[in-house]
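This report refers to the structure that appears directly beneath it.
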Amino acid sequence: MEDIKKIYDVAVVGAGTGGSTAARVATQKGLEVCLIDRKAKNEIGNKICGDAVGTEIFDFLNIKHPTNEELSCHIKGAKIYSPDMKKCINLLDPKQAGYIVNRLEFGQRLLDDALNACVTSFLDNTIALELLYENHIVSGVRVKLKNGEKKEIRAKIVIDASGFYSPLRKTIRSNIVEKIIPKEDSILCYREIVKFPPSEHKVQDPEYITIILDKKRAPGGYIWYFPKNESSINIGLGVFMDYKGKVKEFYQNNVFRNYIKTSKYEILSSGGGVVPIRRPLWSCADDGIMLIGDAACQVNPLHGGGIDPSMRGGYFAANVAFEAIQKGDYTLKSLWKYNVDVMRSFGAEYASLDLLRQVLQVFTNEELNFGLGKDLLSGEEILEISSTGGLTLSIFDMASKFIKGISKPDLLLDLNYLRIRMKEISSIYKRFPIDLNEFERWKNNAIEVNNKVKKMLINTRIVN
Ligand SMILES: Cc1cc2nc3c(=O)[nH]c(=O)nc-3n(C[C@H](O)[C@H](O)[C@H](O)COP(=O)(O)OP(=O)(O)OC[C@H]3O[C@@H](n4cnc5c(N)ncnc54)[C@H](O)[C@@H]3O)c2cc1C
């Protein structure tokens, strides 16, 4: 399987959740695929993560739901706490149900599925260095093989699934794919998997993932407490990128000490990582290349969940690659449908949630306590927002909220303004242009809505 071919249909860089899915689907469609990862085969999937994934993606892709060694536990829903912990919103809905997975075993299954589908070549311990170009179109990747040799892997189409730090995106020759992700669009995370004797410490709400919003203890993000089994949890936090170098200390002082009440614990795994929390890249494709998953900022901006969209992105990209190869056309025009698929589906939801995320990040603890405590944003509404990216409140609902929020009318007005803009951006994304020539106009419309929310925040709060 390792002999390098002269030219592949598709080179997939990165065998994480996105890349393994893309490689499997492209191979099952009959394409000749080279799958590349910098890690050793038996380490693929071993990623610092919260390990939570919903049930939907398994039905969408028609693949087996996690079981046995892949599965830590089943999750019924989420509990979201206000900063003062006085209000807990229970999100119980079939859409919130899911799994806590063992990340390595889960990743290994997705990889095995790609290998069992018979990808043409699988190169582990192989680092992709840069994109190759021919007549201004991506024509492959330069890699460093496990023996240290540098080699050119030629492919009609490259799928970049190499994660947030993608070396390919950073050096892409493109006017429409963003190379740099601004630091305000990302969040820094740190987490540990902690094990303790069940007699010493009980796992809180073992069927729920718990999220604590707290601007002081997790500025810009949130604290999570996810069960793994009766004697271990995945616990961590996300903070603004400005806290680089301090995130572990924040975790130890604000999270670990508050939630682990026994000295008899064992830390099974610890580490940090960065998650993009914004709308997807303006364009996730260019001539000869499609970007998926974290490399394309395809992550839910509200909670940072990126497993599902990386797999969805991989599926969309593999299908579009197949159609392009049938046509023998690998230009952006031919790959454009990938952008349409992404933006009109989860892209619309994420663009809308991106606006909510920006507003939530500047709310104070006092506002969060008040807003959640008074149900200015109820559990049902959060569910509606998180599953559709929008909120449809009647005039009566608004009036009842106004009465509840009477002592903080500005907060309610901000929320209402936000609700209108979320709806607006979602509808712009759902009309993402099929015609590439319409893209600039579409992008300007989307930027305008983003700017309106930024302006609201500048006018009503002290933000830069
Ligand atoms: C602390 C933390 C907690 C998270 N919690 C959750 C959660 O609970 N639920 C959830 O859904 N999401 C969570 N996420 C996000 C989620 O992990 C990612 O969004 C998801 O893994 C993205 O998948 P991907 O395939 O795009 O990238 P990755 O899974 O990052 O895979 C990228 C692959 O590319 C390979 N690679 C990188 N560079 C190169 C190179 N130069 N050459 C070759 N190969 C390369 C890597 O080895 C890796 O295998 C969390 C992230 C972090 C950091």
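The values are calculated or read from the model by the stated rules, or taken from the named source; none is laboratory data. None of these values were measured; they are calculated from a predicted model. Cβ sites come from the backbone with ideal geometry, for glycine too, and all protein chains shown count toward neighbours.
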### Query
Just a yes or no: is a residue in the range 191-202 more than 16 Å from the ligand (Cβ to nearest atom), free of Cβ contacts under 8 Å to residues at least 60 places away in the same chain and within 29 Å of residue 91 (Cβ to Cβ)?
yes
### Message
Quick check on residue 35: is it more than 17 Å from the chain's Cα centre (by Cα), modelled with pLDDT of 95 or more and under 14 Å from residue 111 (Cα atoms)?
### Response
yes
### Task
With the condition kept exactly as written, say whether any residue in the range 22-32 is buried (at least 17 other Cβ atoms within 10 Å of the Cβ) and either of a type in the set (Val, Ile, Thr) or at pLDDT below 95 (or both).
yes
### Message
Could you go through the range 190-212 and let me know if any residue there is modelled with pLDDT of 95 or more, touching a Lys or Arg at 6+ places or on another chain (Cβ under 6 Å) and not β-branched (Val, Ile, Thr).
### Response
yes
### Count - residues of the range 365-380 that are not in a helix (DSSP H, G or I) and not polar (S, T, N, Q)
4
### Task
Looking only at the range 182-190, decide whether some residue is of a type in the set (Asp, Glu) and over 24 Å from residue 280 (Cβ atoms).
no
### Message
For the range 217-251, which positions are among the hydroxyl-bearing types (Ser, Thr, Tyr), touching a helix residue (DSSP H, G or I) at 6+ places or on another chain (Cβ under 7 Å) and more than 16 Å from residue 79 (Cα to Cα)?
### Response
243
### Query
Quick one: which of 41, 87, 47, 76 is outside the structural domain of residue 307 (by TED's automatic domain parsing), out of contact with any Leu (no Cβ under 6 Å at 6 or more places or on another chain) and of a type in the set (Lys, Arg)?
76
### Task
Could you please find all residues in the range 280-307 being of a type outside the set (A, V, I, L, M) and either within 11 Å of the ligand (Cβ to nearest atom) or under 17 Å from residue 220 (Cα atoms) (or both)?
293, 294, 297, 298, 300, 301, 303, 304, 305, 306
### residue 383 being in a helix (DSSP H, G or I) and at pLDDT below 85
yes
### Query
residue 142 versus (1) modelled with pLDDT under 95; (2) more than 10 Å from the ligand (Cβ to nearest atom); (3) outside any loop (DSSP other than H, G, I, E, B): which is the lone unmet condition?
(1)
### Query
For residue 111, all conditions in the list (1) in a helix (DSSP H, G or I); (2) closer than 30 Å to residue 216 by Cα hold save one; what is the number of the exception?
(2)
### Message
With the structure loaded, tell me whether residue 131 is assigned by TED's automatic domain parsing to the domain that holds residue 26, in a helix (DSSP H, G or I) and either at negative phi or more than 19 Å from the chain's Cα centre (by Cα) (or both) or whether it fails that test.
### Response
no
#### Entry: Count of the range 145-177 residues which are more than 15 Å from the ligand (Cβ to nearest atom) and assigned to a strand (DSSP E or B)
3
### Query
When you look at residue 310, is it buried (at least 24 other Cβ atoms within 10 Å of the Cβ), within 21 Å of the chain's Cα centre (by Cα), away from the ligand (no atom under 15 Å from the Cβ) and more than 16 Å from residue 186 (Cα to Cα), yes or no?
no
### Where residue 126 falls short, out of the listed (1) among the polar types (S, T, N, Q); (2) away from the ligand (no atom under 11 Å from the Cβ); (3) modelled with pLDDT of 95 or more
(2)
### Query
In the range 333-353, is there at least one residue being more than 30 Å from residue 214 (Cβ to Cβ), within 15 Å of the ligand (Cβ to nearest atom), among the aliphatic types (A, V, I, L, M) and touching a helix residue (DSSP H, G or I) at 6+ places or on another chain (Cβ under 9 Å)?
yes
